[in-house]
There are 2 protein chains.
Amino acid sequence: MEALAEAVTRTPLLTGTSVEQKREEIRRYFHHTSSLYENLFDCINSDEAYYLRPEPLRHPLIFYFGHTAVFFINKLLLGKYHGHRLDERLESMFAIGVDEMSWDDLDRDHYDWPSVSETRAYREQVRHVVDTLISEMPLTLPITQDSPAWIILMGIEHERIHLETSSVIMRMLPLKYLDAHPLWAACNDTGPAPENSLLPVAGQTITLGKPATAHTYGWDNEYGHKTVAVAPFKVAKYLVSNGEYLAFVQAGGYQEPKWWSQEGQGWLTFTGADMPRFWRYCNGKYVQRNLLQEMPLPLDWPVDVNYLEAKAFCNWKAAQTGTHVRLPTEAEWTVLRNLLDTDQADWTRAPGNINLEHYASSCPVHRFEHKGVCDVVGNVWQWTESPIDGFPGFEVHPLYDDFSTPTFDGQHNVFKGGSWISTGNEATRYARYAFRRHFFQHAGFRYIESNRAEVPVEPVNSYETDELVAQYLEFHYGDRYFDVANYPKACVQTLLSHTPGLNHGKALDLGCSVGRASFELAQYFDQVDGIDFSARFIQHGFQLKETGHTRYAIPVEGDLVEFKEVSLQALGYAELGDKIDFAQGDACNLKACFCDYDLIFCGNLIDRLYDPGLFLTQIHQRLNAGGYLVLTSPYTWLEQYTPKDKWLGGIKVNGENVTTLDGLDAILGQHFNLVAQQDVPFVIRETRRKFQHTLAEMTVWQLK
Amino acid sequence: MEALAEAVTRTPLLTGTSVEQKREEIRRYFHHTSSLYENLFDCINSDEAYYLRPEPLRHPLIFYFGHTAVFFINKLLLGKYHGHRLDERLESMFAIGVDEMSWDDLDRDHYDWPSVSETRAYREQVRHVVDTLISEMPLTLPITQDSPAWIILMGIEHERIHLETSSVIMRMLPLKYLDAHPLWAACNDTGPAPENSLLPVAGQTITLGKPATAHTYGWDNEYGHKTVAVAPFKVAKYLVSNGEYLAFVQAGGYQEPKWWSQEGQGWLTFTGADMPRFWRYCNGKYVQRNLLQEMPLPLDWPVDVNYLEAKAFCNWKAAQTGTHVRLPTEAEWTVLRNLLDTDQADWTRAPGNINLEHYASSCPVHRFEHKGVCDVVGNVWQWTESPIDGFPGFEVHPLYDDFSTPTFDGQHNVFKGGSWISTGNEATRYARYAFRRHFFQHAGFRYIESNRAEVPVEPVNSYETDELVAQYLEFHYGDRYFDVANYPKACVQTLLSHTPGLNHGKALDLGCSVGRASFELAQYFDQVDGIDFSARFIQHGFQLKETGHTRYAIPVEGDLVEFKEVSLQALGYAELGDKIDFAQGDACNLKACFCDYDLIFCGNLIDRLYDPGLFLTQIHQRLNAGGYLVLTSPYTWLEQYTPKDKWLGGIKVNGENVTTLDGLDAILGQHFNLVAQQDVPFVIRETRRKFQHTLAEMTVWQLK
C-alpha cells in the first residue's frame, strides 16, 4: 500500500493561503483518486467480469467504472462549469446507479454496456477536462459550497465512495476473475477471537453535526446541529468478531425467527441466508472471502453483516444475558468517537484500520485500542440503530439534491466509523452514510448494553412531499412572495387591532392547518387550542411543538422540488409550545371540551366546511361573554367541499344574489355584532413561478 | 277606461326641478299602478281561478298577484334600501316566475300557495313600506340608476309588465271565472279585413339604443348604441289581420310542414295547434277570445300569434307571391317607428291603441294611421326577425342582473311596438321585450318584402359563460389586478425592446387564445396570423375582428357572475382587424401556408403542447432570415396537457435536474441564438377575491 497511502487518501483542506498551491493539491488528489480507482479495477483479469452481476441488486462493475467519471461531467454541466457533453450515450448509461434497491425490486433493464477500453478512454477524456478545469476555474480560499472547486471535490469524494462500494462488489466476484495485486494486500494476522467485555460509558450531552465552518469537504447530510442527551450505557470493547458471531450461527440463529425483526425475517426468507454473506462452509470448515482471496474464517476479525443480522445477534445476545443488548444509536456511537481526539486531517498515521493506511482487508479486532475501546474507527463500518435523518439546519446541496433526501425515509440506517477502504471524506469524523438495512458493505457492528428497554431513536423527520400539505407549510412558514405579509401573522395582528377589551385567556384556532396562527396566538393567550379536520396537516403543528422542526419539499418546476425546513427557534416560538394543544376535530361537530374561549379564530375555514351554517349557528356557545369570533375567507365555494345547498352565499336565493357576507350576517346577527371587516391578502406558492394570490375578507364578530 | 287612463299610465320623467313634487309624482304612479293591477285581478270572480294553470308553462295567477309586491321587497333588500323581510315564506314563494320555460320543460314543482286574501294583505303591507320609502328616501334630480328612486321605478315598471302578462293568462282562463268590468271594456268595432298592401321604404342608416341621458326609466337592454344600415324594403300597410291570416289557416297552413321552421314543426307536434291560440272554431264559425269575453272572429283586428306562426305565414305568403316576404328586423321596425315623431311623454293622447288610452282589447288594424302605415305602435306587439341581444355598451343593472342576460341566447326574439295594455315603460319608443318564439302575448306581426333572400340578422353576441374562456377574456381584455400590466400588451412591448432589426412584415401569434396579442402586434406588423388549437377561444378574437365586440361573464363569488363587454373601438384597435387572420391550428402540425414570418410569438404555449419538442425542432422553418422566435411561459408542466416524456424540463434526466430553459436551449440552440431573457408577470382572475399570479419567463431567440 505504500505507493498510494500517505496524504493522497486524505481529503484536502478547504482553507489555505496560496490559491495556486491549492490547485495543485486538488489536482494531485483528483489524479490519485482516479488512479487508485483504476488500480482497484486492474485486479480484474478478464473484461468478461465487468459485465457479471454478483450482486443482483447492483449494476455490473462496468457501470461503476464509467459512473464516477460521468458524475464529474454531469455535475459540471449542471453547475454550468462545463459547456458540453463528451459522449451523450455514455453519460446517459453511466448516470444512475441502483444502490438503493430493495431485494424485491430487482432491476430488469437491459443495457448495452460499452467495452472496458471504451470506458477507459472516456475516463481519460474526463481526466483531461477536470484537470484543465482545475487549472482554469476561478478559485478563492477558503473553498465554499458554491465554488467550482467544491464540485471537483464532490466528484472526487464521490469516486472514493465508489472505490469502497466497487470493492464490495468485487468481493462477490468469482475469484477466478481476480488477480492478487501488491497494492491490495490483505492482512495476514489471524488468531482466536478475544473474549468481548462491556465497559461503562458515562451519560453526557453531545452535539452532532459538522460545523458550517469546518475545513474539509462534507456531504449535505453531515451539516446541521443536533444536541442529544445520551444516557449512561455499557459498550463492548471489541467489534463483534467472526468468532463471537459464530456462536450465534452455531446456535441456529439464522433458523430462529424470534431473533429477527419482521424485516429481517422477510430478508431471510428471500435470500435463504444461513451465515454471513462473506462466509462459506466447505468441508467442515468456515472460510471467509476477502477482496481478492479466501482464507479460513479469521475468528479475531470483525464479522461483516448487514443491520438485520447485527440486530438479530443483539436480540439473541440480550436473551442469553437477560440484558438490554442492542446496537448503539448514532449519538451513542458519537460518544465513543469522542474517545479519539484526532481526525483525518491531523493524524500522522490513521489511528485504526482505515484510509487504506494499514491493510486492504479487515484485521484483528484487538489491533487498535483507544481508552479501552478497540476499533473506535476503521476495520469495518459500524451499524447503528438510527435511521438516517438530516440534522436541524440541514440544507440540500443544489447540485446534488438527491444524495441524501431519498434516504430520509426510515428505511436507511446510519453506519459510522469507516472501514479499511474508507478514504477521503469517508474517513473523517463527521462522515455518515446510510444504506438499506439488508445491504452489505464492509460493515459489522459493536453492541452496547443499555439499562432501558426502549431504543432512544426519534422518528425520521422526513420531507413532507404531499403537494397540498407542503404548499400549506410554505404558506404558513415559508418565504414572502409579491411582498405580501405572512398570512397567519397578519391575521392575528389584524384581529388584535379590531378586538377592544379582548381577554387573553383561551383562544381557539379552528381550522389551524399546519399551525402558524396557533403559535402566533400563543404569544398573546395563556392557552391556545389548534384544531383541524385533517391529521395530515395538523401533524406538522404537532411535530413543531414537540421537536421544534419540520420539513417539506415544494415544487420548483415540473417534478423538480426545493427542500425546506422550519425551525420553531428561528421563528421565535421556542417557548410557546407548552401553551398550545393541537388536536384533530370537526368544526361542525366539535367536542364539548372545546369551550370557554375568549377568541375563536377561523382562518380560511368556512368555505371548506361541509355544513358552515350548522357550524355558525352553534359557535356562540363556545365563547365567553364578550368574546370574539373572527372569520377570514376568500369565499371560494366549491362543491367538492360544501354541497351547494349549504353555501352561505355566492348563490341566488329566490332569484336574488346573496353574498357570503349577507349569509354570515343572517346567521351570526342573532348572537353577534359585526364590529369590523377588513381585507387580508395572502399568497400560496404552487411552483417557483405560479402562485395563488387571494384577498380574504376578515370579519370580526363580538358576542352580544 | 276613463278613470285609469290619462297620465297615470305614463312613466314619470327622471328630471324635474322640485324633489317633493317628484316624490308625489312617483307616489301617484306607484299607487295607481298597484291599483290598476288589483283592478285587473278584480275581474276574477272566484278565488279558485287564482290557482288554475290555463297556461301550463306559467305559474297560476296567485303567483303573479303576489310576485309584483315581493319584487319590491327583494330588490329593496338587495339594494339595502330596506332592512328586513316582511314575510319570509311569501317572499320565497313569490320570488321566481317561470316565464321562460320551453314547452318540453314543464314545471313539476308543487306549491302550497297562500290564500288570495293573505296575498292581498301582503300587498297592502308592501304598499305601506314603499309609500314610506318614497317619502323618506334620499332623492336628487335627475334620478339616476344608482338612486333608490330608480329601484322604486323598477318595481313599478316590473308590475306594469306583469299587468300585461297576467292579462294574457286571464285571457286563457275559462270565462266563467271572469266578470265583465267597466274598466276593462273591449272595443266593439269589427268589420271585414282591409286588403293589405305594400309601401316602399327608403334605405337608411339608423341608430338603435336608448341614450344614457334619456329622461325616462329604461331596462338595461334598452341602453347602448348600435348603428345599422337598413336596405330599402316594402312594408305592409296593416298588421296582419285575422282575416288575412284566416286565408293561411284555411289553405291548410298548420298542416303543411314546409311553411314551418324546424322549431315551428316541433311546436306544432307538441301542441297539435291548427289555428291561433285565441281562436276557437265552433258550429262552423271562428270565435275570438278576448280578455273577458268571446266574439265572432273580428276579421279586421290583428291576429294574435307567436313568432313561429308569424314566420310560417310569411313563408307561405312568400311562396304565393314569389317574393321575399318575412318579418322586419328590429332595425327595419325602428325605421317604421320613425314615421311617428312623438313618444309617450309628449303625446296628448296615444297615437295608437296603446297605454290603455283607447281599449282593453285590440281594435281594427286600420284605426290608427301614420304616413300611410297603420298601427306603427299599439294594438298588438309586433314580432321581429331579431333574436334579442344587448346593444354595444350594454351594462347589466346590478340589482337585476338576470332581467336581460338570460335572454341573449338566440332563443328569444324581440317584439316591438306595444299592445293595447302596454303601459308605462312598455309603451315608450325604446322598449324592447323578448320572449321564446313559441310564447303567446298580445302579439301579432306586420310583414315586409325584401329584395334579398337572406335575413339581415346578426348572430347573438351572447355572454361567454365557459369559465375558462371567460377567464382568458378577462385576462386579455379585462381589468388590471395587483397593478400588474396587461400581459399580452406587456409581452409585445417587451419583445419589441429585445428584437433589434426586427422586420415588420408578417407576425405569427401562435397559441393566440382570445387574441389580444394579435391585435397588439397588428399595430406594428403588416399582417398578423393568430392561431390557436381551440376554436372556443379563437372565436372571440374572430368575433372582435368581425363585429368589434364580444361579451363574457366571470365569477364574482360562488355562482354569482359579473357581465363584461369588450369593445375593439375602446381598445384603440378599431382599424386593425383587416390586418389579422384568425385560424384554428395545431402548433405541432402547422399547415404549410403558415410561413415567412419575421416574428413568431408563442405566449404561454409551450407547456400546453402535446409535443413541445417536435414543435421547437421545426419552427425555425417558418421564419424569415434574421427572424425572431419569442416564447413566454411559466413552465407549468402538467400531464393533462403534455405526457411527461415530452416535458422540456422540470424533470430529472439521467438523475440530474433539467430546467425548461435547459431543455429549450438544447433544442433551439441549433438554429437560434438566445438574445434575451426576462420575466413578465401576469394575473388571471378566478373570482373577485382569488387570482392566479404568475411570473412567465420570456426568451427571445433569433434565427442564426
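The values are calculated or read from the model by the stated rules, or taken from the named source; none is laboratory data. Fair warning: this is a prediction, and the values are worked out from it, not measured in the lab. In this analysis, Cβ positions are derived from the backbone assuming ideal geometry, glycine residues included, and neighbour counts consider all displayed protein chains.
From the list B:210, B:226, the lone residue that is farther than 25 Å from residue B:69 by Cβ, charged (D, E, K, R) and surrounded by fewer than 20 Cβ atoms within 10 Å (Cβ to Cβ) is B:226. Does at least one position in the stretch B:101-113 carry a residue that is surrounded by 19 or more Cβ atoms within 10 Å (Cβ to Cβ) and modelled with pLDDT of 90 or more? Within the stretch B:101-113, one or more residues are surrounded by 19 or more Cβ atoms within 10 Å (Cβ to Cβ) and modelled with pLDDT of 90 or more.
Considering the conditions (1) more than 20 Å from the chain's Cα centre (by Cα); (2) of a type outside the set (Asp, Glu); (3) more than 20 Å from residue B:487 (Cα to Cα); (4) within 14 Å of chain A (Cβ to nearest Cβ), residue B:604 is excluded by exactly one of them, (3).
Look at (1) touching a strand residue (DSSP E or B) at 6+ places or on another chain (Cβ under 8 Å); (2) closer than 26 Å to residue B:224 by Cα and you find that residue B:427 fails only one, number (1).
Looking at A:540, A:549 in this structure, which one is over 28 Å from residue A:620 (Cβ atoms) and touching a Pro at 6+ places or on another chain (Cβ under 8 Å)? A:549 is the lone residue from the list that is over 28 Å from residue A:620 (Cβ atoms) and touching a Pro at 6+ places or on another chain (Cβ under 8 Å). Checked against the criterion of being acidic (Asp, Glu) and within 19 Å of residue A:406 (Cα to Cα), the stretch A:571-591 has no qualifying residue. When we screen A:457, A:484 for residues that are farther than 30 Å from residue A:318 by Cα and either touching a strand residue (DSSP E or B) at 6+ places or on another chain (Cβ under 8 Å) or part of a loop (DSSP other than H, G, I, E, B) (or both), the only hit is A:484. Of the residues making up the stretch A:683-699, those that are part of a strand (DSSP E or B), facing chain B (nearest Cβ under 8 Å) and under 30 Å from residue B:661 (Cβ atoms) number 6.
Being touching a helix residue (DSSP H, G or I) at 6+ places or on another chain (Cβ under 9 Å), under 30 Å from residue B:606 (Cβ atoms) and of a type in the set (Val, Ile, Thr) is a description that applies to residue B:531. Listed by position, the strands (runs of 3 or more DSSP E) enclosed by the stretch B:492-579 that each have at least 1 residues that are of a type in the set (Gly, Ala, Ser) and within 14 Å of another protein chain (Cβ to nearest Cβ) are B:549-557.
State yes or no: is residue A:628 under 21 Å from residue A:522 (Cα atoms), surrounded by 18 or more Cβ atoms within 10 Å (Cβ to Cβ), in contact with a Lys or Arg (Cβ under 6 Å, 6 or more places away or on another chain) and modelled with pLDDT of 95 or more?
On the way: under 21 Å from residue A:522 (Cα atoms): yes; surrounded by 18 or more Cβ atoms within 10 Å (Cβ to Cβ): yes; in contact with a Lys or Arg (Cβ under 6 Å, 6 or more places away or on another chain): no; modelled with pLDDT of 95 or more: yes.
It is false that residue A:628 is under 21 Å from residue A:522 (Cα atoms), surrounded by 18 or more Cβ atoms within 10 Å (Cβ to Cβ), in contact with a Lys or Arg (Cβ under 6 Å, 6 or more places away or on another chain) and modelled with pLDDT of 95 or more.
In a residue-by-residue description of the stretch B:355-365, the property of being surrounded by fewer than 16 Cβ atoms within 10 Å (Cβ to Cβ) and in a loop (DSSP other than H, G, I, E, B) applies to no position.
Out of A:271, A:216, which single residue is in contact with a Ser or Thr (Cβ under 7 Å, 6 or more places away or on another chain) and in contact (Cβ under 8 Å) with a residue 12 or more places away in the chain? Checking each option against the conditions leaves just A:216.
Which residue, of B:299, B:246, is touching a residue at least 24 places away in the same chain (Cβ under 8 Å) and touching a helix residue (DSSP H, G or I) at 6+ places or on another chain (Cβ under 6 Å)?
Working: B:246 fails: touching a helix residue (DSSP H, G or I) at 6+ places or on another chain (Cβ under 6 Å).
Testing whether each residue is touching a residue at least 24 places away in the same chain (Cβ under 8 Å) and touching a helix residue (DSSP H, G or I) at 6+ places or on another chain (Cβ under 6 Å) leaves just B:299.
Inside the stretch B:664-677, residues that are surrounded by fewer than 18 Cβ atoms within 10 Å (Cβ to Cβ), within 13 Å of chain A (Cβ to nearest Cβ) and either touching a Leu at 6+ places or on another chain (Cβ under 7 Å) or assigned to a strand (DSSP E or B) (or both) make up a count of 1.
Scanning for something closer than 21 Å to residue B:466 by Cα, buried (at least 16 other Cβ atoms within 10 Å of the Cβ) and in contact (Cβ under 8 Å) with a residue 60 or more places away in the chain, does the stretch B:493-508 turn up at least one residue?
Start the filter on the stretch B:493-508 by keeping residues that are closer than 21 Å to residue B:466 by Cα, which leaves none.
No: the stretch B:493-508 contains no residue that is closer than 21 Å to residue B:466 by Cα, buried (at least 16 other Cβ atoms within 10 Å of the Cβ) and in contact (Cβ under 8 Å) with a residue 60 or more places away in the chain.
Among (1) within 42 Å of the chain's Cα centre (by Cα); (2) under 23 Å from residue B:704 (Cα atoms), there is one condition residue B:642 misses while meeting the rest; what is its number? All conditions are met except number (2). Within the stretch B:444-463, residues that are within 17 Å of residue B:230 (Cα to Cα) have Cβ atoms under 9 Å from residues that are of a type in the set (Asp, Glu) and not in a loop (DSSP other than H, G, I, E, B) in these pairs: B:448/B:332; B:450/B:332; B:455/B:385; B:456/B:332; B:456/B:385; B:457/B:330; B:457/B:385, counting only partners at least 6 apart in sequence or on another chain.
Total residues in the stretch A:491-526 satisfying the condition of being over 34 Å from the mean Cα position of the chain (by Cα), on the phi < 0 side of the Ramachandran plot and not hydroxyl-bearing (Ser, Thr, Tyr): the figure is 16.
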